[in-house]
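Note sheet for the following structure.
Any read-out appearing in this document is the output of simple, stated calculations on the displayed coordinates, not a laboratory observation. Because the structure is predicted, anything quoted here is derived from the model rather than measured. Counting neighbours? That spans all protein chains shown, and the Cβs are built from the backbone with ideal geometry, glycine included.
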Amino acid sequence: MTAGSDRSSRILVTGGAGFLGSYLVKSLLSTGHEVVVLDNGCLKNLEEVNSNPRLEIIQASVTSPFPSHIQASRIYHLACHASPKQFGLRPLEILETCYVGTKNALEAARKWNARILLASTSEVYGNPQVCPQPETYNGNVNCFGPRACYDEGKRVAEALAYAHREQSGVDVRIARIFNVYGPGMPASDGRVVCSFVDAAISSRDLVITGSGAASRCFQYVDDCVAGVRLLMESAWSQGPMNIGSETETTMAELAEIVLQRVAAQRHGRRSKIVYDGAVKDDPQRRRPDCSLAKRVLGWEPCVSLEDGTDRTVAWFLASDENDR
Ligand SMILES: NC(=O)c1ccc[n+]([C@@H]2O[C@H](COP(=O)([O-])OP(=O)(O)OC[C@H]3O[C@@H](n4cnc5c(N)ncnc54)[C@H](O)[C@@H]3O)[C@@H](O)[C@H]2O)c1
């Protein structure tokens, strides 16, 4: 692929080697786009497409200025560690990625006259005091705690996007993404669906932190990619948009669903559900109000938690890496 390629379909995905990014990259390739990935991490998720002539992979950090030859017309800016385990291990890197990386992405969008979509998060609502959360809710976030690097990092990223839109006229979309899960999400990164599936397949205890009453709304990864792509191509530049499932599930309910779905696909000792101390600043309730996405994009998730969990369990069982 050369710098002179058709700009109209050339798309940059930062963080394109991550869990969500790799699904997005495969989806964009499957619809004929030229895709450039900018990522400084492991490329394993892109193994099945890395020989595609329409894919260019640049292994670099978004905290350095973007290579000018990319010249994309669309930028999906996903680069940022999303696993809660990373929040404790590299908070400064996450903050730098959110601030400097987003500043560089917006600067590239300005120079290339590209449209940019920022992958923001439900974490900008913190531990919400309003449920469900509409985009107009300003959140309840602790700026001095273990999740602050990510939550406040994403908030400053949104603020940068706003400032660039106002000051430089950059064409910005902001997706506030709620908990995504699916095949390919590493069991080790601490996100709950895959941690539970991994534990159940290994007949280990499913450990619920807190009472089990905390809730999340889980969306299957293909649904999220569809929503994000629709938002990118929509005329909606007025403000952030929630992209998530509105079906609320408590941690105790999720653990039961996972145990049932694993038992349906694999015979073995059934794991126990055990309870551990609550994690500091872990939000108690998370539920998006997605009426904006329904009205503007005509989008809502269509994969149920049961079906999505079945697909995730099947992937874990089939995966060589997780073979046991
Ligand atoms: N998965 C979810 O449930 C979820 C929910 C809300 C928002 N999001 C957002 O979507 C995006 C992708 O999430 P994910 O689940 O794929 O996360 P992930 O952690 O699986 O992937 C993140 C990717 O970004 C890369 N990256 C991190 N810092 C970088 C840097 N400085 N330079 C270049 N690359 C860098 C990593 O190497 C990795 O490949 C993130 O911005 C996340 O905040 C995800």
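Taking Cα atoms, how many degrees apart are the long axis of helix 19-30 and the longest axis of the chain, rounded to 10 and kept between 0 and 90? The helix 19-30 is inclined about 60 degrees to the chain.
Is the shape of the stretch 88-160 best called rounded, prolate or oblate, per the rule: a/c under 1.5 gives rounded, else a/b larger than b/c gives prolate, else oblate, with a ≥ b ≥ c the square roots of the Cα gyration tensor eigenvalues?
Details: a/c = 3.27, a/b = 1.38, b/c = 2.37.
Since a/c reaches 1.5 but b/c is at least a/b, the shape of the stretch 88-160 is classed as oblate.
Take each peptide in 121-130, 159-168, count the other Cβ atoms within 10 Å of every residue, and average; sorted highest first, the result is 121-130, 159-168.
Taking the Cβ-Cβ separation of Val296 and Cys42 as r and a Förster radius of 45 Å, what is the calculated FRET efficiency to the nearest 0.05? Don't jump to the answer; show the numbers that get you there.
Numbers: r = 35 Å, r/R0 = 0.78.
The pair Val296/Cys42 has a calculated efficiency of 0.80.
Counted over all Cα-Cα pairs of the chain, pairs farther apart than 35 Å make up 18 percent. Centre-to-centre separation between the Cα atoms of the stretch 249-293 and those of the stretch 49-65: 35 Å.
Summarising the label geometry, the points placed 7 Å from Cα in the beta-carbon direction at Ser304 and Val156 lie 4.4 nm from one another.
List nothing, just return the count: lysine pairs in the chain, 8 or more apart or interchain, with Cα separation under 17 Å.
On the way: Lys26/Lys44; Lys85/Lys154; Lys85/Lys280; Lys103/Lys111; Lys103/Lys154.
Lysine pairs meeting the criterion: 5.
Note on Ser64/Cys143: beta-carbon distance plugged into 1/(1 + (r/R0)^6) with R0 of 41 Å gives a FRET efficiency of 0.95. Please say if the stretch 1-107 is rounded, prolate or oblate, where rounded means a/c under 1.5 for a ≥ b ≥ c the square roots of the C-alpha gyration tensor eigenvalues, and otherwise the choice is prolate for a/b larger than b/c and oblate otherwise? Note, shape of the stretch 1-107 comes out oblate. Dividing the summed helix terms, -39500 (n - 2.57) for each DSSP H run of n ≥ 4, by the number of residues in the chain produces a 222 nm estimate of -11000 deg cm²/dmol to the nearest 500. A simple spin-label model places the labels of Ser188 and Glu166 4.4 nm from each other, with each point 7 Å out along Cα-to-Cβ.
Site pair Asn52 and Ser202 shows an inter-label distance of 3.2 nm when each label is modelled 7 Å from Cα along Cα→Cβ. Helix 251-265 and the long axis of the chain differ in direction by around 80°, with both axes built from C-alpha atoms.
Highest GNM mean-square fluctuation among Arg286, Arg269, Arg115, for the chain modelled with Cα contacts below 10 Å: Arg269. Axis angle, to the nearest 10 degrees, between helix 148-168 and the longest C-alpha principal axis of the chain: 30 degrees. What does DSSP give for the stretch 10-177 in terms of the percent of beta bridges that are antiparallel, rounded to the nearest 5? Close to 0 percent.
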